[in-house]
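Asker: What follows is a structure written as structure tokens; I'll ask about it next.
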Amino acid sequence: MVNETPNGATSDAARWAALIEAVATRRDREAFATLFEHFAPRIKTFMRRSGASEQSADEFAQEALLAVWSKAGLFDPASVGATAWIFTIARNLRIDVLRREKRAGRDYTVEIDPEFHVDEGPLPDAGLAVSQVESRVRNALTHLSEDQQRVIELSFFDEKAHAEIAQTLQIPLGTVKSRLRLAMNRLRGLLGDLS
Amino acid sequence: MTIHHHPPEELLTAFAAGLLDLGQHVAIATHLVGCARCRDAVRAMEHVGGAVLAGLLPTAMSGGALASVEAGLDRLVAATTSPPRRAAGLADVPGLPQFVREYPAGPWRWIAPKVHLRPIQLPEASSTRVFLLKSRSGTKMIEHTHTGFEMSCVLSGSFVHAGGHFGPGDFDLGEGDDDHEIMIDSQDDCICLIAMQGDLKLNGMIGRLLQPLIRM
């Protein structure tokens with residue numbers, strides 16, 4: 001489907017992007033199955049760690065991949081990396097799921113996507129190309145210790161998940177939080193001034 | 001427009017992670033409209049999110065999950081760009097993100113001398129209230145502290161307090177014991193979008209007298 005190149009990470013990013021584009025332009029089911037097999041089980045973990053039950057997390061992961069299929073035409077590789085794009089689908093689905101719970105029974109929906117669509121104001125974006133942002137993030141993450149990378153994960157989950165980690169590692173919640181702060185500071189330092 | 005005051009990084013990260021409640025989300029999104037630097041920071045965090053997602057240990061999907069999703073694909077209609085816009089309740093307010101302009105908003109109402117408030121109605125329950133606050137030039141806001149937090153995004157005009165000077169695009173986070181004595185120093189009205197959790201505690205005699213009037 002897509003040729004492998006020696007640089008593993010870069011080729012991964014390009015490969016996912018090519019698969020999403022194949023879904024968008026050709027409704028390519030083989031490409032979709034490849035995306036499903038890689039991302040559905042990870043989105044399921046994401047939803048489990050966000051508090052969903054085994055069965056719900058499975059259903060949400062399926063729902064997220066259906067969204068990948070229907071939204072593939074909106075994927076713009078010039079403005080976002082492939083894994084970041086799939087992350088935003090999972091993130092927005094998680095918000096949607098939480099809201100559905102809160103308004104249980106009331107039958108209406110609000111599209112989440114527009115809430116993250118920020119029109120550029122008078123100042124244009126500084127204009128780092130997506131590939132540059134991707135490679136900077138990748139480089140920054142590889143400079144973190146494995147522990148720190150695991151702590152960075154926590155920024156994408158709420159307090160409940162932090163408490164669970166504290167329990168698993170048998171360290172106080174405050175320690176989890178201070179480790180998270182340290183790791184984030186390090187990451188920001190490594191990302192440098194993006195503009 | 002030069003922006004000097006930005007939201008703290010934790011808030012930008014939580015925004016990108018989708019962990020803010022809607023009222024706080026609206027305040028950050030409003031800042032992003034005018035701030036390329038913070039847009040870049042959010043974009044970077046979304047890429048970190050992508051890397052985190054890709055690095056999570058997989059949880060096996062239920063048997064037949066792919067088959068049942070594939071069976072549903074034909075019924076799906078491909079998404080197009082955006083749904084048609086609804087009537088915009090705040091179309092006349094510059095500096096707001098598009099999705100906020102579509103929220104219903106009440107009329108301006110008087111809350112204190114030279115100060116008017118216009119509530120914004122969020123489509124989802126949120127523990128954070130969002131409103132526009134319009135203050136006339138020279139207004140000195142009553143000193144107050146917060147029981148929760150208050151995020152202010154300047155849309156037009158400017159104000160000054162001990163933390164600095166805040167003009168269009170600037171973001172101000174007030175928390176807990178910050179003792180705010182705010183002075184509107186622009187010639188024109190100063191309009192801010194405010195996201196507020198908890199209540200204001202007004203200090204001083206006049207504050208205590210006004211407090212019942214300013215239940216926002």
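Asker: In this model, which of A:102/B:134; A:71/A:177; A:44/A:160; A:102/A:160; A:177/B:134 are farther than 29 Å apart at the alpha-carbon?
Answerer: Where the Cα-Cα span goes over 29 Å, the pairs concerned are A:102/B:134; A:71/A:177; A:177/B:134.
Asker: By average Cβ neighbour count within 10 Å, what is the ranking of B:9-16, B:113-120 from highest down?
Answerer: Highest mean packing first, the order is B:9-16, B:113-120.
Asker: Remind me, relative contact order of segment A:127-195 in percent, using alpha carbon pairs under 8 angstrom and six or more residues apart?
Answerer: 47 percent
Asker: If Lys and Arg each add +1 and Asp and Glu each add -1, what is the summed charge of the other residues whose beta carbon sits under 13 Å from the beta carbon of residue B:167?
Answerer: My count for the surroundings of residue B:167 gives -4.
Asker: Let me ask something additional. Evaluate the relative contact order of segment A:1-116 (contact order divided by residue number), counting alpha-carbon pairs under 8 angstrom at least 6 apart; express in whole percent.
Answerer: Across segment A:1-116, relative contact order equals 26 percent.
Asker: Name the residues whose placed amide hydrogens come within less than 5 Å of the amide hydrogen of residue B:6, ignoring near sequence neighbours (fewer than 5 apart) on the same chain.
Answerer: B:171
Asker: Another question about this same structure. Just counting partner chain Cβ atoms within 10 Å, what average do the residues of peptide A:57-64 show around their Cβ?
Answerer: 3
Asker: Rounded to the nearest 100 Å², what's the accessible area chains A and B bury against each other, both chains counted, probe 1.4 Å?
Answerer: 5700 Å²
Asker: Additional query: Using the Kyte-Doolittle scale, find the helices of chain A whose mean hydropathy is at least -1.0 and whose Cα atoms extend 20 Å or more along the helix's long axis, counting only whole DSSP H runs.
Answerer: What comes out of the filter, once short or polar helices are dropped, is A:8-26, A:29-49, A:54-71, A:82-102, A:173-191.
Asker: Ordered by packing density, taken as the mean number of other Cβ atoms within 10 Å over each peptide's residues, highest first, how do A:142-150, A:180-188 rank?
Answerer: A:180-188, A:142-150
Asker: Right, another one. Based on DSSP H runs of at least 4 residues, each adding -39500 (n - 2.57), what is the mean residue ellipticity at 222 nm of chain A after dividing by all its residues, to the nearest 500 deg cm²/dmol?
Answerer: That comes out to -22000 deg cm²/dmol.
Asker: Quick one: 3J(HN,Hα) in Hz for segment B:46-53, Karplus 6.51/-1.76/1.60 with θ = phi - 60°, rounded, Gly and Pro as x.
Answerer: Couplings: 5, 6, 4, x, x, 5, 5, 4 Hz.
Asker: Amide H of residue B:182: which non-local residues (sequence gap of 5 or more, or other chain) have their own amide H closer than 5 Å, using H built in the peptide plane?
Answerer: Hits under the 5 Å cutoff: B:141.
Asker: Taking beta carbons within 10 Å but only from partner chains, what does the mean come to for residues B:58-71?
Answerer: For peptide B:58-71, the averaged partner shielding equals 6.
Asker: Same structure again: If we count every other residue with Cβ under 9 angstrom of residue A:51's Cβ, Lys/Arg +1 and Asp/Glu -1, where does the sum land?
Answerer: +2
Asker: So for each of A:67-77, B:43-53, B:101-111, B:121-131 I average, over its residues, the number of other beta carbons within 10 Å; can you give me the resulting order with the highest mean first?
Answerer: B:43-53, A:67-77, B:121-131, B:101-111
Asker: On to the next question. Using only Cα positions of segment A:127-195, each an equal point scatterer, no hydration layer, compute I(q)/I(0) via Debye at q = 0.11, 0.13, 0.15 Å⁻¹ and quote the log10 values to two decimals.
Answerer: -0.31, -0.41, -0.53
Asker: Expressed in whole Å with the largest first, what are the equivalent ellipsoid semi-axes of segment A:1-102 derived from the C-alpha gyration tensor as the square root of 5 times each eigenvalue?
Answerer: Ellipsoid half-lengths, sorted descending, are 25, 14, 13 Å.
Asker: From the P(r) of chain A, could you give the percentage of C-alpha pairs in the tail past 27 Å?
Answerer: 39 percent
Asker: Summarise the partner chain shielding of A:144-153 as one whole number: the mean count of Cβ atoms from other chains within 10 Å of each residue's Cβ.
Answerer: 2
The values are calculated or read from the model by the stated rules, or taken from the named source; none is laboratory data. Nothing here was measured: the structure is a model prediction, and the numbers come from that model. Because the Cβ atoms are built from the backbone with ideal geometry, glycine has one as well, and the counts that use them run over all protein chains shown. Accessible surface areas use protein heavy atoms only, side chains included; no ligands, DNA or RNA. Shrake-Rupley method; radii C 1.70, N 1.55, O 1.52, S 1.80 Å.
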